[in-house]
Every structure is written in structure tokens, then in C-alpha cells.
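J.: My questions will all concern the structure given below.
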Amino acid sequence: METGLFLLFASIAVVCGVNVVVQRHPINSAISLIGVMGSLAALYLLLGAEFMAATQIVVYAGAIMVLFLFVIMLLNAGEEPKGGRSWPARVLGIPLLIIFLGVMSFLIQRMVPETDQVVFGAFLKGDPKSIGTLLFSKYLLPFEVTSVLILVAILGAVVLARKEID
Amino acid sequence: MNFFLLSALKAAVVAAALLTTLAYLQWIERKVIAHIQLRMGPYRVGPHGLLQPVADVIKLLTKEDLLPSHANRFLFLLAPFLAVALALTSIAVIPFGPQVDTLAGETYMQLTDINIGILFLLAISSLGVYAVAFAGWASNNKYALLGSLRAAAQMISYELPLALALAAPLLMAGSLSLRDIAMTQSGHAGNWMIFQMPAPQIVGFLIFLISAFAETNRIPFDLPEAENELVAGFHTEYSSLKFASFFMAEYANMITIAAITTTVFLGSWHPVFPVEWGSNFVPSIIFAMAGALALYHGLNFYRKRDRMTLPVFAVAFFGLALLFAIPAVQTYLLPLFWFLAKTGALLFLFIWVRGTMPRFRYDQLMQFAWKFLFPLSVVNLLATAFLVAVFGE
Amino acid sequence: MDGVPLSWFLILSAILFTLGVAGFLFRRNLITMFMSIELMLNGVNLSFIAFAYKLDQVDGQLFAFFVMVVAAAEAAVGLAIILTVFKNRSTRAVDEVTSMKYCPRPVNPQRIAEWSLRGCNG
């Protein structure tokens, strides 16, 4: 059953990922990216990370992508014109990326043996209690630093995007 | 196999109940608002207008289904589906009662209990923004786009106080699962989260309720979809079944948020006073009183129209009173009664506020969220955390 | 086989990362480039959580959590920058944001034509 679920959500993720890159209009890319994030949330559930799956939907698909969608709708970003790229990019770009992917897959298959299986329900530490305990004990400093980071981001976004008051 | 069958049966029952309640919630709303405004409401279509929802459904289904020119077809069709699907999904984690013995085995009166129940509900409400945004964008209509962007901005602004007000009872319950939260409120009304020591959640309840009004786009926060602003907002270009879907989604959202409020703040299915003090007789007494009232008004000489219908209702109410007195059925029906009574009271509050209050202007709405509700909910969370840390178990 | 091999999750993560890189390098629209960055970050998150499963520690999930937080902050500031660029230049193609490009004027007059084609002017 896990294999079927994994293949279903992985194929949705890959198809939506290709769609993000290929579509002309940014709004179709945004919707495909939401699809990627949703299917990744389902894969996190398979890996026993239920808190991360819910957080992925709430933060990524529910807030960050809404931000993207707002910007696309407000800017009325139209379709991208077919542009010129330099000839190295056109000729070597995609083959290089495929070679990169091939090397990564080979290394992964080498390092992670085939016997490491993911069974749904085998990883029980993904519940909010264990994440919270670790977050506030071992990773307390990164937690506080990210709160400062978010404050900086809020200030930056507000200053950049406001209207000039004359 | 038994588990799947039982789950499918529970899902079918809950879905059917929710859809029927949706339709008749609309009738109740029209009647209550009418009586607040000193008029009668739907009266002719059936006895006291009870068949009005059926007439509305037939009307909406037989209207012409339009697709505006140059509209984004995929998003135009996706938006109402998304709205209804999300609205009906969140009812899956809400507990209606304790564990009961059915013919197919022991089961909880809840479709599924996930240990991140509250996060699941927040995730579903975050995704609800997309239905509104896509509806406005796909309509290729500037009024619809502006209305939908305003509605989306309103929904994401009020999600923050909603989530923070929900976080405070979690500190006292110690778990994110809705079943555990409901279990910690057993006993008497003093154990409900809204009254529970060490940190009674009265402020949190009010913040949650106000954010719930804003999340479901109800008055006083319904500027994005009001008829005299922006030409009906984001569903301007929708007709027939898609329009009906948006309304279904709005009422389903209302019912779901009232159910969540009941579960988290008002003690879910637990009775107001414990069973030892006789709370098992409360439903029977209430229904018997309703039946007596209906009978009294039905036998009134001057109400010629109601001579048939009100005595029939009286008989129905007496039948329900007798039903609630049977001990064998009480294990299922009593928790359900208390849950529905509390949810119904909250829904009546939603409808009452709609009939009574004016609506906020958009900038007043956003200022209220960011400058008042959000800091207040943070202070509420901090105060609860302090009290739980110092006085808690 | 009673489960999914873990290497499949990591290969999926590599595929998503590669797609993100492809989108970032080959698209000219600023917003699509941003979305490719988010795609890359999502691929990396999947990798972190897969390794958390393998090593039986929750720390991997916490790393993914921090990546999510940083991505949120970055998306907010980046989109504000995109809005500002659009307001000031009315363009969304990244090729045309060239006012600060380092362009030493070529000595050879024959190369001035291709110099101005690259977006350098004055």
C-alpha cells in the first residue's frame, strides 16, 4: 500500500513540478506549485512527519503561496514573451541537468541501501510533543534567531512595499 | 474490512446530516432574521415555509449556467468545487460523542481522530482562501477580482487571531487531538475550557468567535460579498449550481466553525451539569415544553392556517421527548443532543448578529484585526501560559 | 517488499531540486524564478525529512521546519522587491533590470554594438 501511495503522490509532485517550470503564465505555475506542496505534505505523512505535513500546508501552501498569488494578481503579470537565451544555455543546459540528476541518483542508490524501507507508522517521533521538546531545548538559539529574522523580514517588506507619503 | 465499512457508513451519515442541516440552516436564518425585522419570512411554500429550501434548490439548479468570455475555465470550475470540498472536509475530525457500542463494534462518534486535529483544521481554513481568490481571478471581471482580493486579505488577516485563540486551550488540554480536548472538559460546566481553572478562556472564546465571523464572511465582516458593495463580490459571475456551491460552502463553514468552537471552548458533548443531578431528563423536558407550546398555539381559534400544521409539530415534539426518555437510546442521543444544542446556540448567535449589526468598512476591518485582535490574542496566550506554568498541574 | 525504499524519496527530492534549478536558470520572469527557488527548497525539505526517518531522529524534521521559516521570510522580502521593481520599471523580465550592471565601455569600436545588445547603455 505504501508503494502505491508513494507512486501516486510522487508522480503528482513531478508532473506539477514540470508544470511550474514549463508554463508560460505565472498563475498556472503558482497553482502547480501548490500541487507540489500538497503532494509533498502527503509524502511527509508517509514518512511519519505529521506535524511537518500540517505545517507545510498551513505555512507553505496556505500563506506563502497566497502571497505569491496576491502578487501575481495585483501585478497582473501576463504571459512571458518568448525570449532569447544565450546559445550555451540552449544547447548544454538540459543535458547538463540530466547528467547532474543521473549522478545524484547513482550516488543515492549507492549510499542508501535497498533494504532501508519506509513503512507507514514506523516513525513515531514526529508528533508535536517531541518536536516541541526539541525545539525549545536543543534548538532554542536557532528558534530565537528565526524570530528576529522574521521581524527583519516584516520590516523589510513593509518598508519596500509601502506608498511614499509626501 | 469491518473498519472500512464502518468508516464509510459513518462518513455517509455525517455527510447526509451536514447537507440536510445546511439546507435547513438557510430556512432558520431567513425565519430568524425575518422575526428580528418584524416580518414573517418564508411562509407559503410549505407549512411555515419548510419546503422553501427545496424550492430554492430547484430554482438554482434550473438556472442557466454561464461561463463568462475570456474567463480562465479551469479555475472558474475549480473554485466552487474547492470551496465546497474544503468546507465539508473539516467536519471529519470533530467529535460528536464518546465511544459507543454499535452493531459493528465499538466506535467513537467521530469520523477520524488525528493527533494533530487542530492543525488539520487550521490547514483546511488556510486553503479556503484559494477558493475565494480563484473565483475572483477566473471571472475576468474587475469587481469580482477586487472583491475576492479583499475577501482573501480579510481571511488571512483573521486567521492569525483564530489560531492564537485556539492555541491557549491547547496549553490546558496538553494535546492537539480534538478527542483529547473534548475529554478534558468532562464533568460539569466548570470544566469547560471557557471556565476551566487555572486560566478561564473567556477572552479567547470572544476572540475566536469574532475571528470566526470574519473567516466565514458573515456580518459584520461581510463587505467582500455584500450586495450593495462591489456588485456581490467574488461570486458576481457565477450562476446556477456553482453559485449554490458557494452558498453551501459558506453555510458549511459556519456549521464547522460553530462545531469547532463547541468542541474547544464549550465542552463538546458533555452536559451542563453532571448526570447525577439529572441532566438526562433535560432533552425530554425541553421537547415536551416545545410540544406543549406548539399544541397551545395550534388550538388557538384565530390561527386558521396553523390548525393542521402546529398540532402535527406538537405530536412530533412529544415523540422526540419520549424518544429521549428511553435509556437504551440515550447513550447515542444524549451526547449528540448536547453537542447540537451548543452548536445550535452558536449558530443562532451568528444569525442574530447578522440581523442586528451593521457591517465594517474595509479599512476598519483590517485595523481591527491587526491592531486590536492580534495583540489581544498574543496577550491571551501569554497570560494563559503564565497561569498554566505557575498554577497548572 | 513491505515498504517503499528510502532511496526513492531521495531521488524524488533530487528530481524536484533539478526542476527548480532548471526553472531558475531558464526562465526570465521574476516571479517564476522565485517559484523555482521555492521548488528547490521543497525538494531539500523532503530530503531532510527522509533522513530524519533513516537516522530515527526528529532533528531532521526540525531542520525542515527552519528551512520553511526562512523560506517564508525570504518570500516576503523577495516579493516586496519584485513589487518595487515592477513599480519602478514596469517590467517583469529579469534581463531588463540592468541599470547597475557593470559594463566597461569596450575600447574596440566594433564591439560597441554587442555591448549595447547586452543591456549596457551609457
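The values are calculated or read from the model by the stated rules, or taken from the named source; none is laboratory data. Everything numeric in this text was worked out from a predicted model, so none of it was measured. Glycine gets a Cβ as well: all are built from the backbone with ideal geometry, and neighbour counts include every protein chain shown. Heads up: the accessible areas ignore ligands, DNA and RNA and are worked out on the full protein's heavy atoms, side chains in. Shrake-Rupley method; radii C 1.70, N 1.55, O 1.52, S 1.80 Å.
J.: Can you give the relative contact order of chain A as a percent, counting alpha carbon pairs under 8 Å and 6+ residues apart? Walk me through the numbers on the way to the answer.
T.: Working: 102 pairs, mean separation 39.4, N = 166.
Relative CO of chain A lands at 24 percent.
J.: Counting other Cβ atoms within 10 Å, which GluC sites (Glu not before Pro) in the range A:113-166 have at most 11 and lie in a DSSP loop? Before the final figure, lay out each step's value.
T.: Values: sites: A:Glu114, A:Glu144, A:Glu164; in loops: A:Glu114, A:Glu164.
Listed in order of number, the matching sites are A:Glu114, A:Glu164.
J.: What's log10 of I(q)/I(0) for the range B:24-179 at q = 0.14, 0.20 Å⁻¹, Debye sum over Cα points only, no solvent?
T.: -1.06, -1.16
J.: I've got another one for you. Take the Cα pairs of the range B:39-85, get the Kirkwood Rh, then feed it into Stokes-Einstein at 25 °C and 0.890 mPa s and tell me D in µm²/s. Kindly include the intermediate steps, with their values, before the conclusion.
T.: Working: Rh = 13.4 Å.
The estimated diffusion coefficient comes to 183 µm²/s.
J.: Here is a further query. Taking the Cα atoms of chain A, what is the range of coordinates along each of the three principal axes, in descending order and whole Å?
T.: 60, 45, 27
J.: Let me check against my output: what whole-number percent is the relative contact order of chain B, with C-alpha pairs under 8 Å and at least 6 apart? Please report the intermediate quantities before stating the final value.
T.: Details: 554 pairs, mean separation 83.0, N = 393.
For chain B, the relative contact order is 21 percent.
J.: Report, largest value first, the span of the C-alpha coordinates of the range A:1-41 along each principal axis, in whole Å.
T.: 37, 15, 8
J.: In whole percent, how big is the carbon plus sulfur part of the accessible area of the range B:165-307, probe 1.4 Å, protein atoms only? Could the numbers behind the result be given before it?
T.: On the way: 3900 of 5670 Å².
Looking at the range B:165-307 in its full context, I get 69 percent from C and S.
J.: Given a 1.4 Å probe, how much area per residue of the range B:249-369 is accessible, in Å²?
T.: On the way: 6330 Å² over 121 residues.
Accessible area per residue, the range B:249-369: 52 Å².
J.: Here is a follow-up. Among the GluC sites (Glu not before Pro) within the range B:26-117, which fall in a DSSP loop and have no more than 15 other Cβ atoms within 10 Å of their own Cβ? Before the final figure, lay out each step's value.
T.: Values: sites: B:Glu29, B:Glu64, B:Glu106; in loops: B:Glu64.
Qualifying residues, ordered by number: B:Glu64.
J.: How large is the translational diffusion coefficient of the range B:88-160 in µm² per second when you combine the Kirkwood radius over alpha carbon pairs with Stokes-Einstein at 4 °C and 1.567 mPa s? Before the final figure, lay out each step's value.
T.: On the way: Rh = 14.7 Å.
Rounded to a whole number, D works out at 88 µm²/s.
J.: Let me ask you something else. Residues of A:134-140, mean number of Cβ from any other protein chain within 10 Å of their own Cβ, rounded to a whole number? Kindly include the intermediate steps, with their values, before the conclusion.
T.: On the way: counts 6, 5, 0, 0, 3, 5, 0.
Taking the mean over all residues of the peptide, I get 3.
J.: Same structure again: What share of the DSSP beta bridges in the protein assembly as shown is antiparallel, in percent to the nearest 5? Each step should come with its number before you reach the end.
T.: Numbers: 8 of 8 bridges.
Restricted to the protein assembly as shown, the bridges split so that about 100 percent are antiparallel.
J.: Then there's this: Please report Rg over Rh for the range B:284-360, where both radii come from the alpha carbon positions and Rh follows the Kirkwood definition. Before the final figure, lay out the partial values.
T.: Working: Rg = 16.3 Å, Rh = 14.6 Å.
Here the Rg-to-Rh quotient is 1.12.
J.: Other chains' Cβ within 10 Å of B:293-304 residues: what's the mean? Mind dumping the intermediate values first?
T.: On the way: counts 0, 0, 0, 0, 0, 0, 0, 0, 0, 0, 0, 0.
The per-residue average across the peptide is 0.
J.: Taking just the alpha-carbon atoms of the protein assembly as shown, what radius of gyration and Dmax come out, in angstrom?
T.: When restricted to the Cα atoms of the protein assembly as shown, Rg and Dmax are 28.3, 109 Å.
J.: What whole-number distance in Å separates the alpha-carbon centres of the range B:277-300 and the range A:39-70?
T.: Cα centroid of the range B:277-300 versus Cα centroid of the range A:39-70: 49 Å apart.
J.: Could you give the dipole magnitude of the range B:254-393 about its Cα centre, charging the beta-carbon of Lys and Arg +1 and that of Asp and Glu -1, in debye to the nearest 20? Before the final figure, lay out the partial values.
T.: Working: 9 positive and 4 negative charges, 155 e Å.
Using Cβ point charges on Lys, Arg, Asp and Glu, the range B:254-393 gives about 740 debye.
J.: Okay, moving on. Rounded to the nearest 100 Å², what is the buried accessible area between A and B, both sides summed, probe 1.4 Å?
T.: Working: alone 13290 and 19610 Å², together 31170 Å².
About 1700 Å² of accessible surface is lost on pairing.
J.: Binning at 10 angstrom from zero up to the longest distance, how are the C-alpha pair distances of the range B:338-393 distributed in percent?
T.: 19, 21, 35, 22, 2
J.: Return the ratio Rg/(2.2 N^0.38 Å) for the range B:1-87, where Rg is computed over Cα atoms only. All intermediate terms of the calculation are to be shown ahead of the outcome.
T.: Values: Rg = 18.1 Å, N = 87, 2.2 N^0.38 = 12.0 Å.
After normalising by residue count via 2.2 N^0.38 Å, the value is 1.51.
J.: How crowded by other chains is C:47-58, given as the mean number of beta carbons from other chains within 10 Å of each beta carbon?
T.: 6
J.: Let me ask something additional. For the range C:16-31 and the range A:89-166, compute the distance between their C-alpha centroids and round to whole Å.
T.: Between the Cα centres of the range C:16-31 and the range A:89-166 lies a distance of 17 Å.
J.: Right, next: What's the longest bit of chain B with no exposed trypsin sites (Lys or Arg not before Pro), using DSSP loop states and at most 14 other Cβ atoms within 10 Å as the test? Don't skip to the end; give the middle numbers.
T.: Numbers: sites that count: B:Arg39, B:Arg44, B:Lys63, B:Arg303, B:Lys304, B:Arg305, B:Arg361.
Looking at chain B, B:64-302 is the longest stretch - no exposed trypsin sites (Lys or Arg not before Pro) with at most 14 other Cβ atoms within 10 Å.
J.: Only Cα pairs under 8 Å and at least 6 apart count here; give the relative contact order of the range B:128-279 as a rounded whole percent.
T.: Details: 192 pairs, mean separation 47.6, N = 152.
Once normalised by length, the contact order is 31 percent.
J.: Three principal axis extents, largest first, for the C-alpha atoms of chain B, in Å?
T.: Principal-axis extents of the Cα atoms in chain B, largest first: 65, 64, 49 Å.
J.: Using only DSSP helix segments of four residues or longer, with each worth -39500 (n - 2.57), what per-residue ellipticity at 222 nm results for chain A after dividing by its residue count and rounding to 500? Mind showing how you got there, number by number?
T.: Working: 7 runs with 116 residues, N = 166.
One gets -23500 deg cm²/dmol as the mean residue ellipticity at 222 nm.
J.: Give me the net charge for the shell around C:Ile37: Cβ to Cβ below 14 angstrom, other residues only, Lys and Arg +1, Asp and Glu -1.
T.: Once all neighbours under 14 Å are counted, the net charge is -1.
J.: If you take the accessible area of A alone plus C alone and subtract the pair, what total do you get in square angstrom, rounded to 100, with a 1.4 Å probe? Could you put the intermediate results ahead of the total?
T.: Values: alone 13290 and 9200 Å², together 15440 Å².
Adding both sides of the contact gives about 7100 Å².
J.: Now for a separate question. Starting from the Kirkwood Rh over alpha-carbon pairs, what translational D in µm² s⁻¹ does the range B:243-286 have by Stokes-Einstein at 37 °C and 0.692 mPa s?
T.: Working: Rh = 12.7 Å.
For these conditions, the coefficient is 259 µm²/s.
J.: Would you work out the Kirkwood radius for the range A:1-76? I mean one over the mean of 1/r across all pairs of different Cα atoms, in Å.
T.: Numbers: mean 1/r = 0.0776 Å⁻¹.
For the range A:1-76, inverting the mean 1/r across all distinct Cα pairs yields 12.9 Å.
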